[in-house]
Every structure is written in C-alpha cells, then in structure tokens.
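Chemist: Structure in structure tokens, see below.
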C-alpha cells in the first residue's frame, strides 16, 4: 500500500519553519507497513492543493496532508478539499462545543473566526483533536483515502498516534512489518560496514533490508522485512549472535530506544542514581535524561557550571586548578564529577567541560576539545575528546559520549 505526504504552507517553502511533519509521518506509516512513495511541499494556494490531491489520487492509495486547517485567511485547505471532492462545508455543533470548551479551559476569549474550525467538508469522518481546535478529516474516493491534519507539529503527532494509525490499521487490515534495530557506539559507519560486509550481503540475499542510520555518537543498524519468514528469522538470529560475539565492544543495545532510556534502564537495573555537572553542554545531558518518563527514579539533578565562577563556588573547583590547567582539563572535570557526586549524594556522576565553538579554541585546545568524567564513590574515569562539528553537533556528541561513558562505567 502506497502513500503520499502533502505538507502545505508558505512558511515551509521559504524556510521560516522546518518541515518536521513529513519525517514523523513517514516513520509512523513505515512502522505499520505503508510505503511512502513521495513527499510534497506546496504553497497556500487553493488550486495547487486541488491539483496535488488529484495527483496523489492517481499515484497512491493514501494521502496525508498537513496544514491550512486553522481559522485565518491563509488556511484554505478545507476549501480545496471541498472543491476536489465536490462537497460543501457544513457546520458541526459537536466540534464547535469542543472548541469553546478548549478556549474556556485555557481562559482565552474565543473569536468569531474560530467558528470556521467547526466547519467540515460534508461526508468527512472527523478525527478528534483532544489538544487543539482543528479536527483531523478523512475523506474517501474509490480506492483513495485522504486525511487532512493540522500543521502544528504536536497536534499532528497526537492525531497520527491516537487517531490516524488505528484508523488505517482497522480500515485497511494492515500487518506491521518486521523490524529489528541494533545500536552501536564508538565505531564509524564505514568501519561497521566493513566488519559486517559478509553479513550485509547475506541479509540482502534473503530479502532483508538493512539500513545504516548514523546519529551524533550513535549508529543505528535497522533490519526490515515486510513479512518475516522462518528462514529470514533464522538468518537474523545468526547475525545478531555474530554481532554479540565479534562486535560486543561496539554493541550497546538490541532494540530501538532513545539512548537516554537505555541509560535509565541500566540505572534502574542497578538501583542507582545519577547527577550531572555540565559546562559546555549547558544542561543538554539533563534534558536527554529528563525527556524519558519516570527519570525521577534515578536522576537527581544537575549543576550547570557554565562559568568559572560557578565551577569555583558551586563545585569547589580550586581557582588555582583552573588557572594552571584551564577550565577544559582533566583536573577540572574530575573535580566537578567528584563534587556533584557528593552534593547530590548519588551513586554516579557525569561532568563535562569543553569548547563547543564556533570560537574560544586555541592551538593547544581547538574547538571541539571536550573533557568528560564519570565517577562513583570508589572510582573516577575521564577521557578527552575532540569533536569536529558545529556548535550544536558538538554539544550533542559530547552529551551522547558522556552517557556512553557512564554506560560502560556502570556495565
């Protein structure tokens, strides 16, 4: 079953808004066995929308469209839908009640313009938007299912997960494909490909797709098959055993989970707690940890020691140590780790200090130079890294490297 994703909005075309919706929808559709054959971004123009829907009808079984369902003058998607499906807008009292209740709950005065959000194409099935005012819409024509969703990412994601996927699975009797993900660290994509080259060929010979998905500090190796056969299952099991025996130093996890969740599971398994002291990462490690529900069970807190003053006053780093070795040094980062461990009374601690860039580097300590330490009450380990990305990428790689150091330390 093939699908086309249509994203509507001038703000997407002129670069003012990054189109994250397409990636999210494609990933979710792939997870239930729907093949995305095309992604299209178009302008806020009624005829352009009509033409795009018509084109999707001729190519695909499903089209999912985002954007243009709001109450303002540039929100014209519903008019275009009506033109293509040859229907008119009708007022839905239940949707209007939901809009009024949502505004009242948020203590916001409602505008007359918001009444338009209760107008839907005649014959459309509505998808309840519990966190927004614009419902999702489903219309069908012969083989073709058309779904319109609001463009606001968090509303779109909610509707995809809670309404669209269950609808598609039920109405099209979909069987999710087989996927298996292996998570690697401390190895480059090219070296990993070289080490599993024979297995790569063998997997593909058995119609098992294999994809290398590099991220900062991590490589995800994803295996995929639309319908898993007994023979394919045997080949995959043999491959995983090979990886566990020959590449165990690089294999972090078998499964597709956020790296921070992997760390959380490890800490829970060991009934351990963690605190962080962050300089160049500015709280990003704490952000990754607390993005996982239930992280309060193992993560106690963080000190963002961005300035030397905070390192000295809050983490008891001697000023003489900073003067002698610099803020980005083994001596400083180990002191940060030891002190945050004591201050929060945790089992483990992470400390990071580095030069994220784009300025601040020197010949001896170029941009990307980062010291990371992990500590327990009995041991401390530290390591110097030199990352070679831009500022944000250096922060991301330092954070993942710090979590990975902790994983190896606890393991």
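Chemist: Sort largest first and round to whole Å: the equivalent ellipsoid semi-axes of the chain, each the square root of five times a Cα gyration tensor eigenvalue. Please list the in-between numbers first.
Modeler: Numbers: eigenvalues 426, 171, 73 Å².
Largest first, the chain gives 46, 29, 19 Å.
Chemist: Expressed in nm to one decimal, what extension gain is obtained for the pair residue 140 and residue 174 from 0.36 nm per residue of sequence separation less their Cα-Cα distance? Write down the numbers at each step before the final one.
Modeler: On the way: separation 34, 0.36 × 34 = 12.24 nm, distance 1.74 nm.
Stretched fully, the residue 140-residue 174 segment lengthens by 10.5 nm.
Chemist: Moving on to the next point. In whole Å, what is the distance between the alpha-carbon centres of the stretch 92-154 and the stretch 346-411?
Modeler: If you average the Cα positions of each part, the centres end up 47 Å apart.
Chemist: Measure nothing fancy, just the Cα-based angle from helix 230-246's long axis to the longest principal axis of the chain, in degrees from 0 to 90, nearest 10.
Modeler: Rounded to the nearest ten degrees, it is 20.
Chemist: Can you give the extra length, in nm with one decimal, that the chain gains between residue 161 and residue 257 once fully stretched, where that is 0.36 nm per residue apart less the Cα-Cα distance?
Modeler: On the way: separation 96, 0.36 × 96 = 34.56 nm, distance 1.73 nm.
Between residue 161 and residue 257, full extension yields an extra 32.8 nm.
Chemist: On to the next question. How far is it, in nm, from the label point at residue 45 to the one at residue 73 when both lie 7 Å from their Cα along the line to the Cβ?
Modeler: Going by the 7 Å Cα→Cβ label model, 1.8 nm.
Chemist: What percent of all Cα-Cα pairs in the stretch 259-410 falls into each 5 Å bin, going from 0 up to the bin containing the maximum distance?
Modeler: Reading upward from the zero bin: 2, 11, 21, 24, 21, 13, 6, 2, 0.
Chemist: For each of 75, 92, 207, 237, count neighbouring Cβ atoms within 10 Å of the residue's Cβ, then give the residues from fewest to most. Provide the component values of the computation, followed by the final result.
Modeler: Details: 75 21, 92 17, 207 14, 237 11.
The order, fewest Cβ neighbours first, is 237, 207, 92, 75.
Chemist: On to the next question. Quick one: in the stretch 178-254, what % of C-alpha pairs are over 21 Å apart?
Modeler: Numbers: 570 of 2926 pairs.
I get 19 percent for the Cα pairs in the stretch 178-254 exceeding 21 Å.
Chemist: Which length gain, in nm to one decimal place, applies between residue 16 and residue 377 when the Cα-Cα distance is subtracted from 0.36 nm times their residue separation? Mind showing how you got there, number by number?
Modeler: Working: separation 361, 0.36 × 361 = 129.96 nm, distance 4.87 nm.
Additional length available on full extension: 125.1 nm.
Chemist: In nanometres, what is the gap between the two model label sites at residue 384 and residue 125, each 7 Å from Cα along Cα-to-Cβ?
Modeler: My value for the distance between the label points is 6.2 nm.
Chemist: Evaluate the relative contact order of the stretch 2-172 (contact order divided by residue number), counting alpha-carbon pairs under 8 angstrom at least 6 apart; express in whole percent.
Modeler: Details: 290 pairs, mean separation 40.6, N = 171.
Rounded, it is 24 percent for the stretch 2-172.
Chemist: Can you pull the semi-axes for the stretch 312-392, root of five times each eigenvalue of the Cα gyration tensor, sorted largest first, whole Å?
Modeler: Working: eigenvalues 108, 41, 21 Å².
That gives 23, 14, 10 Å for the three semi-axes.
Chemist: Shifting gears a bit: For 163, 265, which order do you get if you count the other beta carbons within 10 Å of each Cβ and list the fewest first?
Modeler: Sorted ascending by nearby Cβ count, the order is 265, 163.
Chemist: A follow-up question, please. Please report the projected area of the stretch 35-194's Cα convex hull averaged over all directions, in nm².
Modeler: Working: hull surface 53.0 nm².
Approximately 13.3 nm², given one-decimal rounding.
Chemist: Can you give the relative contact order of the stretch 1-55 as a percent, counting alpha carbon pairs under 8 Å and 6+ residues apart?
Modeler: Computed value for the stretch 1-55: 50 percent relative contact order.
Chemist: Using a Förster distance of 22 angstrom, determine the FRET efficiency expected from the C-beta separation of residue 265 and residue 220, and round it to 0.05.
Modeler: Step by step, r from the Cβ atoms, then E = 0.80.
Chemist: Please tell me the relative contact order of the stretch 178-254 in percent, rounded to the nearest whole number, where contacts are Cα pairs under 8 Å and at least six residues apart.
Modeler: Working: 90 pairs, mean separation 35.1, N = 77.
RCO, the stretch 178-254: 46 percent.
Chemist: Based on the Cβ-Cβ distance from residue 393 to residue 93, what FRET efficiency comes out when R0 is 60 Å, to the nearest 0.05? Please report the intermediate quantities before stating the final value.
Modeler: Values: r = 51 Å, r/R0 = 0.85.
Efficiency for this residue pair is about 0.75.
Since every read-out is calculated from the coordinates, none of them should be taken as a lab result. Nothing here was measured: the structure is a model prediction, and the numbers come from that model. As a convention, Cβ positions derive from the backbone with ideal geometry for all residues, glycine included, and neighbour counts pool all protein chains shown.
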